[in-house]
């Protein structure tokens, strides 16, 4: 037998209230008035990481919490920075829409926590820190990559760091000499980087490492 939810169901009313307040993935807010056990420094805020469909779901028993992340407002935004292009795995810069003094927010992947979703009923989103649809999509893509990135053997990483990693970063900072992006750093045109290593073990006397860089010319 199909169970039909009544319109006066309290979970439906709460979900509608959350929706009407404008909560969605990428919404920025200050939790201090409601939650007092979150350690934030002056100026720091939170951004909602959970997908919008879950944020406004009426199934509170199934989805009782939302994930949030600490952000720091910044006065400048550099669209060419590693943090702005999503190439920094731990920090992400997103441009703020329609705010004259603070141009950017910095997201910190290592400072995430969970909140009871009911808290959203008693907090109002900060409209002055809108990141728009483009910023929300950027946040979602960056968060997704943090869960799917490859896990290299620790020994391989330690061997790569001293010289090879420095050389790769130096090459990516070189200016392009031709094409539509002539004069810009090479890393700005790198769409994807593929990596393969052999043997597939945590320890080896010698690792074979291969890189493939896909660059838009």
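The values are calculated or read from the model by the stated rules, or taken from the named source; none is laboratory data. Given the structure is predicted, the values throughout are model-derived calculations rather than measurements. So basically every Cβ, Gly included, is an ideal-geometry build from the backbone, and we count neighbours across all protein chains shown.
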Quiz item: Within region 168-179, is there a residue that is surrounded by 13 or more Cβ atoms within 10 Å (Cβ to Cβ) and under 27 Å from the mean Cα position of the chain (by Cα)?
Solution: yes
Quiz item: So is residue 189 surrounded by 11 or more Cβ atoms within 10 Å (Cβ to Cβ), without any contact (Cβ under 8 Å) to a residue 60 or more places away in the chain, more than 27 Å from residue 110 (Cβ to Cβ) and not assigned by TED's automatic domain parsing to the domain that holds residue 69 or not?
Solution: yes
Quiz item: Among the candidates 70, 66, 35, which residue alone is in contact with a strand residue (DSSP E or B) (Cβ under 9 Å, 6 or more places away or on another chain) and farther than 15 Å from residue 111 by Cβ?
Solution: 66
Quiz item: In region 30-44, is there at least one residue being outside any loop (DSSP other than H, G, I, E, B) and either touching a residue at least 60 places away in the same chain (Cβ under 8 Å) or closer than 18 Å to residue 137 by Cβ (or both)?
Solution: no
Self-check item: Hey, residue 209 in contact with a strand residue (DSSP E or B) (Cβ under 8 Å, 6 or more places away or on another chain) and farther than 17 Å from residue 82 by Cβ or not
Solution: yes
Quiz item: Out of region 86-105, which residues are part of a loop (DSSP other than H, G, I, E, B) and modelled with pLDDT of 85 or more?
Solution: 86, 88, 89, 90, 96, 97, 103
Self-check item: Residues that are in contact with a helix residue (DSSP H, G or I) (Cβ under 7 Å, 6 or more places away or on another chain) and under 24 Å from residue 184 (Cα atoms), drawn from region 44-81
Solution: 80
Self-check item: Candidate set: region 109-129, residues that are without any contact (Cβ under 8 Å) to a residue 60 or more places away in the chain and surrounded by 15 or more Cβ atoms within 10 Å (Cβ to Cβ); chosen: the one farthest from the chain's Cα centre (by Cα)
Solution: 111
